[in-house]
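Okay, structure first, notes after.
The values are calculated or read from the model by the stated rules, or taken from the named source; none is laboratory data. Since the model is a prediction, treat every value here as computed from it, not as a measurement. Cβ placement follows ideal geometry from the backbone for every residue including glycine, while neighbour counts extend to all protein chains displayed. Accessible surface is based on the protein model in full, side chains and every heavy atom, while ligands, DNA and RNA are left aside. Shrake-Rupley method; radii C 1.70, N 1.55, O 1.52, S 1.80 Å.
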Amino acid sequence: MRTVLVTGGTGTTGSRVTAFLRARGVDVRTASRHPVAGDGRHVLFDWADPGTFAAAVDGVDRVFLVAPLSDTDPALAVGGFLDAAVAAGTRRVALLSSSAVTDAPTGLGALPPLVRDRVPEVAVLRPSWFMQNFVGSHPVAAGIRDRGQITTATGSGRVAFIDPGDIAAVAGHLLLGDPIPDGELILTGPQALSYDEAAAVVSEITGTAVHHTSITVEELTAAIEASGVPHAYARVLAEMDEEIAGGSAERITTTVQDVTGRAPRSFRDFLVDATVDAHRVA
Ligand SMILES: NC(=O)c1ccc[n+]([C@@H]2O[C@H](COP(=O)([O-])OP(=O)(O)OC[C@H]3O[C@@H](n4cnc5c(N)ncnc54)[C@H](OP(=O)(O)O)[C@@H]3O)[C@@H](O)[C@H]2O)c1
């Protein structure tokens with residue numbers, strides 16, 4: 001029986017990867033810092049505490065890897081973790097990266113080369129921006145809920161937003177399938193929308209007016225920092241918006257269809273389902 005470790009297993013993507021694999025009878029161990037009631041296969045795991053690595057990777061042959069968040073240089077922690085995982089028998093890793101991140105000597109961009117150096121079979125998932133950012137706890141969602149306002153530094157740049165369920169389906173196929181396809185795995189939804197256009201769809205689906213305002217990178221950095229994010233990471237996040245303004249996120253790919261055999265979900269369909277779910281919970 002194959003055992004898959006899902007780091008960030010309680011998060012947006014990891015929880016969906018876990019559900020996808022468990023629905024197919026795979027033994028999945030979820031890992032995160034907080035205990036999960038009702039998940040007997042959850043293990044306490046902290047990227048900041050290498051003492052938690054051994055129990056997490058014990059008997060694991062495949063890993064879905066969500067790197068430490070808010071860490072401007074995660075390579076040290078991830079390198080130590082991969083050494084422990086490979087020593088324990090891990091042969092395949094699906095790394096959650098981002099279409100906004102390119103390979104680099106430091107930062108998130110250092111992770112794809114690091115993982116490829118250490119692990120025999122590697123899939124680097126590079127999703128576009130998540131549709132989930134418009135619901136739940138993301139600052140975009142909080143702005144919509146609290147003020148009917150989305151604030152970015154993206155101008156009129158378009159984004160090929162993706163449903164995290166589609167990312168999870170791709171990850172699940174890659175963790176189960178054999179072999180891993182070659183090449184870059186840029187994952188996108190079926191259409192690219194500016195934040196003005198996305199705000200109009202949110203307004204229509206929710207029946208509440210939502211507006212988008214674009215500010216400067218400096219103003220956005222200060223706003224993110226004011227919410228408690230360290231300055232360096234706030235700057236990294238704000239500069240990603242500047243890239244979007246320049247057209248970096250408008251590309252649409254066929255990767256979801258190619259890997260899963262079905263089309264990715266549209267922003268409208270995602271929002272309709274999320275709104276229905278929210279009403280069900282309420
Ligand atoms: N949002 C976007 O639009 C977007 C787009 C492209 C790529 N991405 C990438 O997606 C990744 C985030 O994935 P996500 O949205 O699925 O995550 P998420 O929903 O923010 O969840 C984070 C998960 O990681 C766990 N975690 C946080 N800190 C941890 C630590 N120190 N040690 C161990 N576990 C920890 C959390 O559980 P605990 O709190 O219990 O530890 C949780 O399970 C980032 O790498 C980002 O670059 C995001």
TODO: Mind pulling up the Rg/Rh value for the chain? Radius of gyration and Kirkwood radius, both on Cα.
DONE: 0.96
Task: Backbone HN-Hα couplings from phi across the stretch 247-263 [Karplus 6.51/-1.76/1.60, Hz, Gly and Pro as x] - done: x, 5, 10, 8, 5, 10, 10, 9, 4, 4, 4, 4, 7, 9, x, 9, 6
Open item on the list: For a Förster distance of 51 Å, can you work out the FRET efficiency between the beta-carbons of Thr106 and Arg268, rounded to the nearest 0.05?
Closed with: 0.85
Open item on the list: Can you work out the Karplus-derived ³J(HN,Hα) for every residue in the stretch 126-136? Use 6.51 cos²θ - 1.76 cosθ + 1.60 with θ = phi - 60°, whole Hz, and x for glycine or proline.
Closed with: 10, x, 6, 5, 7, 4, 4, 4, 8, 9, x
Open item on the list: Can you give me the long-range amide H partners of Leu187? Hydrogens built in the peptide plane at 1.01 Å from N, cutoff under 5 Å, separation of 5 or more residues or another chain.
Closed with: Arg126, Ser128
TODO: Taking the Cα atoms of the stretch 212-255, report the difference between the largest and smallest coordinate on each principal axis, in whole Å and largest first.
DONE: 38, 22, 15
- [ ] For Ala123, list long-range residues whose amide hydrogen, built 1.01 Å from N in the peptide plane, is under 5 Å from its own amide hydrogen.
- [x] Val93, Ala94, Leu95
TODO: Express the carbon and sulfur contribution to the solvent-accessible surface of the stretch 136-270 as a percent, rounded to the nearest whole number, probe 1.4 angstrom.
DONE: 51
Task: DSSP bridge orientation in the chain - percent antiparallel, rounded to nearest 5 - done: 5
Task: Estimated distance in nm for a label pair at Leu69 and Arg24, the labels positioned 7 Å out from Cα along Cα-to-Cβ - done: 2.6
Open item on the list: Highest mean first, how do 155-168, 215-228 rank when packing is the count of other Cβ atoms within 10 Å averaged over residues?
Closed with: 155-168, 215-228
TODO: For the stretch 44-51, just list the computed ³J(HN,Hα) in residue order, Karplus coefficients 6.51, -1.76 and 1.60, θ = phi - 60°, integers in Hz, with x standing in for Gly and Pro.
DONE: 6, 8, 9, 4, 7, 10, x, x
Task: Thr154 long-range amide H proximity, modeled H, under 5 Å - done: Ile215
Open item on the list: Rounded to the nearest 10 Å², what accessible area does Trp47 have for a 1.4 Å probe in the complete protein model?
Closed with: 40
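Per residue, how much accessible surface does the stretch 1-127 expose to a 1.4 Å probe? Answer in Å², no decimals.
43
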Task: Rough spin-label spacing in nm, given labels placed 7 Å along Cα→Cβ, for Ala223 and Ala87 - done: 4.6
